[in-house]
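The values are calculated or read from the model by the stated rules, or taken from the named source; none is laboratory data. If you're wondering where the values come from, they're calculated on a predicted model, not measured in any experiment. Reconstructed Cβ throughout: ideal geometry from the backbone, glycine too, with neighbour counts over all protein chains shown.
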Amino acid sequence: MGPHVVILAHGDFPSSEACLKVLRSADVRICCDGSTTDLLDAGLQPDYIVGDMDSLDKGLQEEYAARIRRFAGQDDNDMTKAFHFALGLNPSKISILGATGAREDHTLGNISLLLDYASESPCPVEMLTDYGRFAAIGDSTTLPSVPGQEISIFCFDHSVQIIAEGLEYPTDKVVFDTLWKGTLNVASGDRFTLRLSHPCGVLVYFAEKR
């Protein structure tokens, strides 16, 4: 069994107890360079610091030189560089924190990247926020839930039909041509199934039950 790797991106630092528990219990913590200061302020240490180091203080670069993995180039953002580095650790699971907040364009871009990551990764990849969790699927699947949990479905394939079993509102007639179309559904039980008419990338958001 490989390590549970947590990547801390440089968006809003997590504040919910659920997110902080994941951050504290990680087998390996990888910081996207600028998030290192936030992690240290929380009293935790990075195992690796990945990125181009353009937003990491020079003093910290010297102090943590042995843990830095520098990747130049602008084709990928630091979160993607950290993800590709994480794959080399043979992880059993990858959790991404701090990917949302701050600038909205960064938030949308980071969330959409989860589809790419899931298609590349041999292990589960999730993105956690203070309000919920994003997961990506590529074909029909059954997912765990909590009764009454709000579930939103996002898909960029206008031709796909998604039949939901275990959600309160039917989805079989939904055309996923705008982001809001599959949002704010509700889980009826402790699992639900999404049956896709053909394989494609689908993002599923699980709201944190409060």
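Residue check: PHE71 meets all listed conditions (1) under 21 Å from SER119 (Cβ atoms); (2) aromatic (Phe, Trp, Tyr); (3) in contact (Cβ under 8 Å) with a residue 24 or more places away in the chain but one, namely (3). Pairing residues of the range 197-210 that are polar (S, T, N, Q) and surrounded by 12 or more Cβ atoms within 10 Å (Cβ to Cβ) with residues that are modelled with pLDDT of 95 or more and not in a strand (DSSP E or B), at Cβ distances under 7 Å and at least 6 apart in sequence or on separate chains, gives SER197/VAL160; SER197/GLN161. Does the range 92-108 include one or more residues that are outside the structural domain of GLY201 (by TED's automatic domain parsing), surrounded by fewer than 18 Cβ atoms within 10 Å (Cβ to Cβ), among the small types (Gly, Ala, Ser) and under 30 Å from ASP57 (Cα atoms)? Scanning the range 92-108, I find at least one residue that is outside the structural domain of GLY201 (by TED's automatic domain parsing), surrounded by fewer than 18 Cβ atoms within 10 Å (Cβ to Cβ), among the small types (Gly, Ala, Ser) and under 30 Å from ASP57 (Cα atoms), so the answer is yes.
Of the residues making up the range 39-67, just one is touching a residue at least 24 places away in the same chain (Cβ under 8 Å) and over 23 Å from LEU20 (Cβ atoms), namely ASP52. Among the residues of the range 118-149, those that are of a type in the set (Ser, Thr, Tyr) and within 14 Å of LEU97 (Cα to Cα) comprise THR129, TYR131.
Does ASP52 satisfy the criteria of being modelled with pLDDT of 90 or more and of a type outside the set (Ser, Thr, Tyr)? When the stated conditions are applied, ASP52 does not pass them.
Considering the range 75-127, the residues that are over 21 Å from VAL202 (Cα atoms), in a helix (DSSP H, G or I) and in contact with a strand residue (DSSP E or B) (Cβ under 7 Å, 6 or more places away or on another chain) include one that is modelled with the lowest pLDDT, namely ASP78. Criterion applied to GLU120, GLU104 was being free of Cβ contacts under 8 Å to residues at least 40 places away in the same chain, under 20 Å from VAL28 (Cβ atoms) and among the acidic types (Asp, Glu), and the one residue passing it is GLU120.
Identify, please: which residue in the range 16-57 is part of a loop (DSSP other than H, G, I, E, B) and among the small types (Gly, Ala, Ser) and is, among those, nearest to LEU87 (Cα to Cα)? That would be ALA26.
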